[in-house]
1. How would you order 472-478, 713-719, 555-561 from highest to lowest mean count of nearby Cβ atoms within 10 Å?
2. Take the Cα of Phe850, step 7 Å along the line toward its Cβ, and report every residue of region 729-754 whose backbone nitrogen sits under 19 Å from that point.
3. What do the square roots of 5 times the Cα gyration tensor eigenvalues come to for region 448-600, in whole Å, largest first, as semi-axes of the equivalent ellipsoid?
4. Among the lysines, which have Cα under 21 Å from the Cα of Lys380 when same-chain residues fewer than 8 positions away are ignored?
5. Which Cys in the chain stand alone, with every other cysteine's Cβ at 4.7 Å or more from theirs?
6. Taking the Cβ-Cβ separation of Thr476 and Asn507 as r and a Förster radius of 41 Å, what is the calculated FRET efficiency to the nearest 0.05?
7. Report relative contact order for region 614-678 in percent, whole number only (criteria: Cα-Cα under 8 Å, sequence separation at least 6).
8. For labels at Glu808 and Ser373 in the simple 7 Å Cα→Cβ model, what's the distance in nm?
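The values are calculated or read from the model by the stated rules, or taken from the named source; none is laboratory data. None of the values given here were measured: they were computed from a predicted structure. Quick reminder, even Gly has a Cβ in these numbers, built from the backbone with ideal geometry, and neighbours come from all protein chains shown. The area values use the complete protein model at the heavy-atom level, side chains included, leaving out ligands, DNA and RNA. Shrake-Rupley method; radii C 1.70, N 1.55, O 1.52, S 1.80 Å.
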Amino acid sequence: MARATEASRQPLAPDHGPGVDPSKAGAPAQQSWLKRHFPFLRTRRGIIITVIVILVIIGGGLAGLAALPKKNGSSGGDAAGGASADTITDDGHFYGQSPPVYPSPNMPGSGTWADSLSKARALVANMTLAEKVKLTAGDSSNTSCPGFLPGVPRLGFPGMCLGDAGNGLRTTDFVSTWPSGIHVGASWNKGLTRQRGAGMGGEFRTKGVNILLGPVVGPAGRVVLSGRNWEGFSIDPYLAGALVFETVEAVQGAGVMTSTKHFIGNEQETNRNPSGDVQSVSSNIDDQTMHELYLWPFQDAVHAGSGSIMCSYNRLNNSYGCANSKILNGILKTELGFEGHVVSDWGAQHAGVATAMAGMDIVMPNSGSFWGSNLETAVKNGSVPESRLDDMVIRTLAGWYQLGQDKDFPKPGVGMALDLTKPHEIVDARNISSRTTLFDGAVEGHVLVKNIRSALPLDKPKMLSLFGYSAKNPDTNNPTGGISAWNFGASSWNYTEFTDGFFGTANPAGSTPIAAGGTLYCGGGSGATSQGTVISPFDAMVQRAYDDGTALFWDFNSAEPTVIPVSSACLVFGNAYATEGADRRAARDDYTDGLIKHVASRCNNTIVILHNAGIRLVDQFIDHPNVTALIFAHLPGEASGRALTSILFGDVSPSGRLPYTVARNESDYPVVSPDRPSGAFTRFPQSNFTEGVLVDYRHFDAKNITPRYEFGFGLTYTTFNYSDLSIEKDGNASLFAELPTGPIQQGGQADLWDVLVRVRATVGNIGSRYAAEVAQLYVRSPGSNQPVRQLRGFEKFGLNTTETKDVEFNLTRRDLSFWDVEAQKWRLPRGQFGIEVGRSSRDLPLVGNFTI
Ligand code: BGC
């Protein structure tokens, strides 16, 4: 629990705040959530058709229908059941676990935001109370924008469209299918990430989407089987932070605001929303872990200027994420100096006055039962000061000005047709110049982890045999109108299971591990990308084989296919599916592993390709002597097939590195499965983050566990040599004060970004092919409660054979500090720091140190 005390805290109310009525929590907002996600539900006819379709699809009769309004990630099996004598039934039990921080700070208007603040103030000064209240909640529109903020036409404000999500625009046509977050994380490429952000931002803008609902840095990936880990970049806060920084700057550079999400501790899908008398799971995170792990990438997003932050479904230290004054008023709006607005996740508001006072600014998808006219009443009777309401609207409009959306921005939602199956205006948002980024992005997220007997690259193979369900496209790539698998990246998965999970009746055992109906371009849920002209691995292989005169055979159905013995190589394609609304059942699957072993026992050159939406264990087959190569192909987006064949045939060298650790066994990880309601906490599920900062490689290092493939690992077709480490401390002694003293700007105290130490090394390509290397720097810190080592720098660059490069890493004050819970600041410790530079978190040939 947070140990610090802050003078500024004024305990105005218990941090669950006034207005909480858990019995009401969620239900009306969830109905509206459906209408927002599925606008056709607004008409009687649409509702009737939908009801029939759902009955047919789900086949579950009225029971399935009754589950529909309960949009949450908890399973039916998670319901509390009977309360025993010691079952906690009163939320008051938890009061004070998340410290109250009031009042909510007004938008600071620092730096470049000053002008936007004064413009927004002037606009708001002309608004009536009713107009201001209207701008705190979503409303209906005749677009497919999942969120729509209404306009105030008499003042020239046209409203705003909020569109999913962080990996490309969902539920529409004429957009690109970008690589997903985990794929971008595996690229370790800052420049490419920036290009992707600019490309995505341009598409959102053309479609009239003012706010991109992403990028995702929460979940971070604490729970190996969490359903949404693939939406974000990496479990490592530094890697995620560097890539979210690039993404936010680039998307916003294209004029579209980012709503970085989900703030914070949203680490599992199970019990993510209340269900019956069971509340959302509480992520219980201590203050140091909060800052060093979960907040870190959000801090980078705020530092990059993210104009919006989405508060999350879960409770944080037993106070709902969107009513938690410590994280919204305290950490986000005070400590990080956040200039923008906080928008609720869809249906994540469970209190009225309390959310207003805790710092939430917009509720989505609509005002539900808590705001709207109730907020107006609360302002009139003084429960919510009008200055708080003003600040909500000012923050939103200042962002609109800051992004230049007051000038020449397309009409909100102009390219977001309500129903793609009806005649609609074509707004083609794709830009031909993005094709290179889409291709490079797809290539660079593939991670080659095994390659023996020179299996790869393929050398003019005479005959190739292809197996496995993840090689080809699913049979349909077609929006059907209504609740469509296509809208949610579920075309090749079990659609009934998808809707069950999305609407709150997920199988308690977890979701089916594979998408058996075809290859994966993204995962499932609101973070899915729209799939247009996608090229599967099979499509690209056929073209390639034809051009090269290679004989090709395939069988994508059989679990035990016939294998032609004279095949030059056998390629087995499998996947690991993950989706919003449910957590995964397992990190391995016997069907795919059995298929691989079957082929490997008949083909002495078996190459495995796994499209994995999360960590996938491989120990059931990886040591088979005939498994000669393994590629984690992640979620590549539309260029999937072209990228893969380019790697397989050696047109490009693979350059991805794992953004997570692959263990030998599940038990090697600190946390594999989601927490569930239990014991006295059946009504208030608890998730205690007792492992602190020791997740992923930090845990393996601390416990001395040998992973199968370590964080940062990835092979290529050449060899890199490391030499000449040098470490230079800045000559200005005043930079090394123990505590930062700078003013608070976006992201926190300005001097947290001062560069204190520069590390240089030389990297040379001593192999025989051009390839890109990811040079990685890890720090061993003398600070309090620090892991063995932490990533604090990485640079990716291409080298020709015999070429060398001097690479430089800049270490900032924040990089070298730990979060001091007593001082409530980042403290630069005294003592000796270790520096390690190399190819992965366990291959670090250059070692040095310096002392502060
Ligand atoms: C998801 C958000 C998403 C929103 C709007 C929610 O269910 O958690 O990530 O942006 O829906 O579709």
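1. Values: 472-478: 17.0, 713-719: 20.7, 555-561: 13.9.
For the peptides 472-478, 713-719, 555-561, the packing ranking is 713-719, 472-478, 555-561.
2. Once the point is set 7 Å along Cα→Cβ of Phe850, 729-741, 751-754 turn out to lie under 19 Å by backbone N, inside region 729-754.
3. On the way: eigenvalues 195, 66, 30 Å².
Result for region 448-600: semi-axes of 31, 18, 12 Å.
4. Counting by Cα, and skipping residues close in sequence, Lys380 has these lysines nearby: Lys132, Lys134.
5. By the Cβ distance rule, which asks for a partner under 4.7 Å, the isolated cysteines are Cys522.
6. 0.95
7. Details: 20 pairs, mean separation 31.2, N = 65.
So the answer I get is 48 percent.
8. About 6.4 nm separates the two model spin labels.
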